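Asker: Please see the structure below; I have some questions.
The values are calculated or read from the model by the stated rules, or taken from the named source; none is laboratory data. All of these numbers come straight from a predicted model, not from anything done at the bench. Quick reminder, even Gly has a Cβ in these numbers, built from the backbone with ideal geometry, and neighbours come from all protein chains shown. Remember, those area values only see protein heavy atoms, side chains included, never the ligands or the DNA or RNA. Shrake-Rupley method; radii C 1.70, N 1.55, O 1.52, S 1.80 Å.
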Amino acid sequence: MPIDMSFTEEHEELRATVRAFLVEVSDEQAVREHMSSERGYDRDIWRRLAEQLGLAGLIIPEEHGGAGASFVELLIAMEEMGRALLCSPYLGTSVFAASALLACADEATQKELLAGIASGEKIVSVAWVEPNGRWDLAGIELQARAKDDLWELDGAKSWVLDGHSADTLLVVARTDEGLELFRVDAGAEGLSRELVPSLDLTRKLAQIDLAATPASRVSRGDQTAALEQVLALTKAALAAEQVGGAEKCLEMAVEYAKTRLQFGRPIGSYQAIKHKCADMLVQVELAKSAAYNACFVAAGEEDDLLEAAALAKAHCSEAYFLAAAECIQIHGGMGFTWELPIHLYFKRAKASELFFGDAALQREIVADQIGI
Amino acid sequence: MAEYNEMSDEVLRERTRALLEEAHPEKCDSVTFRRAQYEHGLAWVHFPEGYGGLGLNPRMNVVVYDEITKHSKVVHHDPGEAIIGIGMGAPVVLTYGTDEMKKRLLPKIFSGEEIWCQLFSEPGAGSDVAGLATSAVRDGDDWILNGQKVWTTLAHISRWGMLIARTDPDVPKHDGLSYFILDMRAPGVEIRPLYQITGEAEFNEVFMTDVRIPNSHMLGKEGQGWRVAITTLMNERVAIGGGGSKKKGGGSAPLIKLWKDRKPGARSAAQEAILRDKVTRCYIENELLRMTSQRARAAQKSGNPGPEGSVSKLAHAESLKRMWEVAMDVMGSDALAFEHGYELRRSTPGIDTPRGLAKYQFLRSRANSIEGGTSEIMRNILGERVLGLPGEPRVDKTVPWKDVPRS
Ligand SMILES: Cc1cc2nc3c(=O)[nH]c(=O)nc-3n(C[C@H](O)[C@H](O)[C@H](O)COP(=O)(O)OP(=O)(O)OC[C@H]3O[C@@H](n4cnc5c(N)ncnc54)[C@H](O)[C@@H]3O)c2cc1C
């Protein structure tokens, strides 16, 4: 059955609400302010986003205090956040960590942490990738050690979203049974966290070191398959965010091409510029299809999520980068300045392309999934 | 917006079953069946009653198709050669033709008994088709036609042609055109095959020397030819741009098959990895097109169509070319052979091996970004009509046509 990618009136209302909120709280000046803070986002905005809009717990079931919405609603929120370049722990906490908890964690942990995420009180981050930089599950080497009835972690995790400020880390590590999920709270013994200066100024990343750090094992048995799903869900959501950013870059480029005059005419009347814009439009429209498809798949019962998410991540990454790069070019010298916001999108584009593995890795996943 | 008649799916299904009782695809030939289908108003249900339709929403066409396939193993699809008549001829006749013309022409377009061609392009006027030079001069109740058309697909088997000619060279180019239906058997019409990259001749050159065409065969008014032509061109892009397979993986299936059947040991592991990535890209591009037409359908249903529909002609053309290029790379040295040869001929029957087909498509797909509007023209259209970018300064818009430089 082909997927019906239609939006309802409620969906359109949600989009309008989120967009209006972001226009209010996340204009360019706000983005610049938030990105230069150590935390990387504004706590009051985060609280409003959770309490007023119910977005922090959008995909968290109602029994855990969330909105119980699907990935269709999530895609709408992510697309709008990407467009506004919102500085927030949304991807790390409300998508990645929430999905990991839902897929892998025991009931007690779910109950506590999901409620905390939904209410906006808790920031939870997944510590996944290691200094080797590999995003596939084989890249995870960190070995959890059983000590008496407890567990201990020794090793390092890199590029952890909001890792420096999170209240709780969900660390992916190996046990004899396979890959499992461990909980380490802020302030744990032997835990050191360091903010890493990041290419993308609007998303904070941390290096995490664990030295005989006590951890609680929140999963039961091998989570390899579940974690693959978690990664796919998060990529589907990120793809929607990429689409939002790419759309914004296209709009900025077109707007400038209409108004900037050289040689007595708008630069957009030159085909070299017009055709760039047309190609951006094509790639952005295709990206939208891929991201929507992946999120509708994530929201439904279809079993090809791994393929759909990797496909969307592969294409949306390239489309976003193209749109941001061409947006710079179309703006000429202005595009190269700190003053214009394009570089923020350009950096977000490259960083989100590399995060969770670049387009070539995503295509490899697609190839594996279709058996070629 | 057009007003459609109301009819439930169930009633339409009943009517389809009534048709099947009178004529069943398994028991009669295509022409007989399609004549009956037309008589029952089930040819194109969105056309008015009496003209092969029932005045329904075009979406209802699938209901008829669905009901036919439910009751018949044989389906008499639109004959391949009738595509221009069905896709472009019928809508333009319906919109601009007299009642008499509609009654005379529409049934045989649908049955496939009469093939149509599109006589727009000329040696001097392709993308800029409104700059064409074929002249029509009034003589009593007739017009006298002189000029040359080119790239005319199917002209050699056509009964009728849609033709634009210049009826007034003294006004700016768009204002001096008129639209005609040309009887391809009329004296003075000469058709010569024009061979293409594959060695075949799908298209022709058509020479017209003092051809008489009755004034009653003009569609629209004198000087309004461009407006009528736009109807045809819009329908052409819909016909060509549909974009991609409806089935998951459908569009790239031939490439995937070639990849799976590739010769073992023909490349290093590193080369294999590179090629696998290229093949996957093609798979993804096809999927993107499929998803985009799905999204376009959903948006249309909710009455909120965006630019997703208009990007597909361009995206489809470019990705098809890439896919067949990669197919050649996958075949590697084996693609050096071109088994079906290049003897000049009308068409190549029986290219039925995946490899033969891929080599043929590698050549044929070059036309995808030329026919029905080149990719450059499509980019202009996307830039100007969808994104609202300013047009280029024009030297030909306000000047009489006869004063515009031409190659
Ligand atoms: C297989 C095939 C079947 C066809 N069938 C038919 C048919 O049945 N009936 C019919 O009437 N025609 C038919 N055509 C003709 C087709 O519509 C024209 O070839 C097409 O419109 C391009 O015109 P041209 O070939 O004269 O190229 P030109 O218009 O001369 O273009 C040459 C190059 O210049 C570029 N160019 C031209 N104008 C611009 C511009 N403003 N901006 C940027 N670039 C520009 C083009 O993109 C192209 O790259 C067919 C063509 C093919 C290949």
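Asker: Please report, largest first and rounded to whole Å, the three semi-axes of the ellipsoid equivalent to the range A:171-233, where each semi-axis is the square root of five times an eigenvalue of the C-alpha gyration tensor.
Answerer: Working: eigenvalues 113, 69, 14 Å².
Square roots of five times the eigenvalues give 24, 19, 8 Å.
Asker: Amide H of residue A:179: which non-local residues (sequence gap of 5 or more, or other chain) have their own amide H closer than 5 Å, using H built in the peptide plane?
Answerer: Distant-sequence amide H within range of residue A:179: A:223, A:224.
Asker: Rounded to the nearest Å, what's the spacing between the alpha carbon centres of the range B:15-34 and the range B:69-99? Just the number, please.
Answerer: If we compute the Cα centre of each part, the gap is 16 Å.
Asker: If you take the accessible area of B alone plus A alone and subtract the pair, what total do you get in square angstrom, rounded to 100, with a 1.4 Å probe? Intermediate values should be presented prior to the final figure.
Answerer: Values: alone 21160 and 15880 Å², together 33420 Å².
Using a 1.4 Å probe on protein heavy atoms, the buried area is about 3600 Å².
Asker: Just to confirm the filter: which chymotrypsin sites (Phe, Trp or Tyr not before Pro) across the range A:236-340 are DSSP coil and have at most 11 other Cβ within 10 angstrom of their Cβ?
Answerer: Qualifying residues, ordered by number: A:263, A:338.
Asker: Regarding the protein assembly as shown, what is the average projected area of its C-alpha convex hull, in nm²?
Answerer: Averaging across all directions leaves 38.1 nm² for the Cα convex hull.
Asker: Mind checking which aspartates and glutamates have their C-alpha under 17 Å from residue B:73, skipping anything on the same chain fewer than 8 residues away?
Answerer: B:21, B:22, B:26, B:29
Asker: Here's a follow-up. Can you run phi through the Karplus equation (6.51, -1.76, 1.60; θ = phi - 60°) for the range A:68-76 and list ³J(HN,Hα) in whole Hz, with x for Gly and Pro?
Answerer: Result, rounded to whole Hz: x, 8, 9, 5, 6, 5, 4, 5, 5.
Asker: Now, a different point. Can you check what the Kirkwood hydrodynamic radius comes to for the range B:115-223, Cα pairs only, in Å to one decimal?
Answerer: Mean inverse Cα-Cα distance, inverted, gives 13.8 Å.
Asker: State, as an integer percentage, the relative contact order of chain A based on alpha-carbon contacts under 8 Å between residues 6 or more apart.
Answerer: 16 percent
Asker: With +1 on the Cβ of every Lys and Arg and -1 on the Cβ of every Asp and Glu, and nothing else charged, how large is the dipole of chain B about its Cα centre, in debye rounded to the nearest 20? Working shown, then result.
Answerer: Numbers: 54 positive and 54 negative charges, 283 e Å.
The calculation lands at about 1360 debye.
Asker: Under Stokes-Einstein, with the Kirkwood radius over Cα pairs standing in for Rh, what whole-number D in µm²/s applies to the range B:9-111 at 4 °C and 1.567 mPa s?
Answerer: 95 µm²/s
Asker: Now for a separate question. Per Stokes-Einstein, at 25 °C and 0.890 mPa s, what whole-number D in µm² s⁻¹ belongs to chain A, with the Kirkwood radius over Cα pairs as the hydrodynamic radius?
Answerer: Numbers: Rh = 21.0 Å.
For the chosen part, D equals 117 µm²/s.
Asker: When ligands, DNA and RNA are left out and all protein chains stay put, how many square angstrom of accessible area per residue does the protein assembly as shown have with a 1.4 Å probe?
Answerer: Accessible area per residue, the protein assembly as shown: 43 Å².
Asker: Please give the direction-averaged projected area of the C-alpha convex hull for chain B, in square nanometres with one decimal.
Answerer: 23.1 nm²
Asker: In Å and on Cα atoms, what radius of gyration and Dmax does the range A:225-370 show?
Answerer: Gyration radius and largest Cα-Cα distance of the range A:225-370: 16.7, 60 Å.
Asker: For chain A, with the dipole built from +1 on Lys and Arg beta-carbon atoms and -1 on Asp and Glu ones, taken about the Cα centre, which of A:126, A:23, A:297 lies farthest toward the positive end?
Answerer: The residue sitting most towards the positive pole is A:23.
Asker: Could you grab the relative contact order for the range A:210-297? Cα pairs under 8 Å, six or more apart, rounded to a whole percent. Could you put the intermediate results ahead of the total?
Answerer: Details: 40 pairs, mean separation 29.1, N = 88.
Answer for the range A:210-297 is 33 percent.
Asker: Give the residue list of trypsin sites (Lys or Arg not before Pro) in the range B:275-366 that are DSSP loop and have at most 13 other beta-carbon atoms within 10 angstrom.
Answerer: B:346
Asker: Determine the alpha carbon to alpha carbon distance for each of A:111/A:248; A:122/A:157; B:108/B:301 and list only those over 28 Å.
Answerer: With Cα atoms farther than 28 Å apart: A:111/A:248; B:108/B:301.
Asker: Could you list which residues have their amide H under 5 Å from that of residue B:153, counting only those 5 or more apart in sequence or on another chain, with H placed in the peptide plane?
Answerer: So residue B:153 has HN proximity to B:118, B:204.
Asker: Here's something else I'd like to know. Using a 10 Å cut-off on Cβ to Cβ distances, tally the other chain neighbours for every residue of A:2-15 and report the average as a whole number.
Answerer: Taking all residues of A:2-15 together, the mean is 3.
Asker: When all alpha-carbon pairs of the range B:180-228 are counted, what percent fall beyond 18 Å?
Answerer: The share of Cα pairs beyond 18 Å in the range B:180-228 comes to 49 percent.
Asker: Could I ask something else about it? Work out which residues of the range A:270-289 lose at minimum 40 square angstrom of accessible surface when the other protein chains are put back, relative to the chain isolated, with a 1.4 angstrom probe, and list them by number.
Answerer: A:271, A:274, A:275, A:278, A:281, A:282, A:285, A:286, A:289
Asker: Follow-up. Normalise the Debye intensity by I(0) for the range A:31-182, one equal point scatterer per Cα, no solvent, then take log10 at q = 0.17, 0.18, 0.20, 0.21 Å⁻¹ and round to two decimals.
Answerer: Computed log10 I(q)/I(0) values: -1.01, -1.11, -1.28, -1.35.
Asker: Continuing with this model, one more query. Can you tell me what percent of all Cα-Cα pairs in the range B:230-386 are more than 19 Å apart?
Answerer: Value for the range B:230-386: 60 percent of Cα pairs lie more than 19 Å apart.
Asker: Normalising by the residue count of chain B, find the relative contact order in percent from Cα pairs under 8 Å and 6+ residues apart.
Answerer: Computed value for chain B: 13 percent relative contact order.
Asker: Measure of size requested: the Rg and Dmax of the range B:72-139, with Cα atoms as the atom set and Å as the unit; please supply both.
Answerer: 15.5, 54
Asker: What is the dipole size for the protein assembly as shown, taken about its Cα centre, with +1 at each Lys and Arg Cβ and -1 at each Asp and Glu Cβ, in debye to the nearest 20?
Answerer: Using Cβ point charges on Lys, Arg, Asp and Glu, the protein assembly as shown gives about 2340 debye.
Asker: Here's another thing I want to ask about it. At most 12 other Cβ atoms within 10 Å and a DSSP loop assignment: could you name the GluC sites (Glu not before Pro) in the range A:31-99 that fit?
Answerer: Working: sites: A:33, A:38, A:51, A:62, A:63, A:73, A:79, A:80; in loops: A:38.
Here the sparse-neighbourhood loop sites are A:38.
Asker: I'm a student and want to see the number: the projected area of the Cα convex hull of the range A:9-119, averaged over all directions, in nm².
Answerer: 6.7 nm²
Asker: About its Cα centre, how strong a charge dipole does the range B:230-386 have in debye, to the nearest 20, once Lys and Arg get +1 and Asp and Glu get -1 at the Cβ?
Answerer: In debye, rounded to 20, the range B:230-386 gives about 440.
Asker: Right, next: Using amide H atoms built in the peptide plane, which far-off residues or other-chain residues are under 5 Å from residue B:134 H to H?
Answerer: Amide H neighbours of residue B:134: B:148, B:166.
Asker: Moving to a separate point now. Using only the Cα atoms of the range B:302-407, what semi-axes does the equivalent ellipsoid have when each is the square root of 5 times a gyration tensor eigenvalue? Give whole Å, largest first.
Answerer: That gives 37, 21, 12 Å for the three semi-axes.
Asker: Along the Cα→Cβ direction, 7 angstrom out, place labels at residue B:322 and residue B:221. What is the inter-label distance in nm?
Answerer: 4.8 nm
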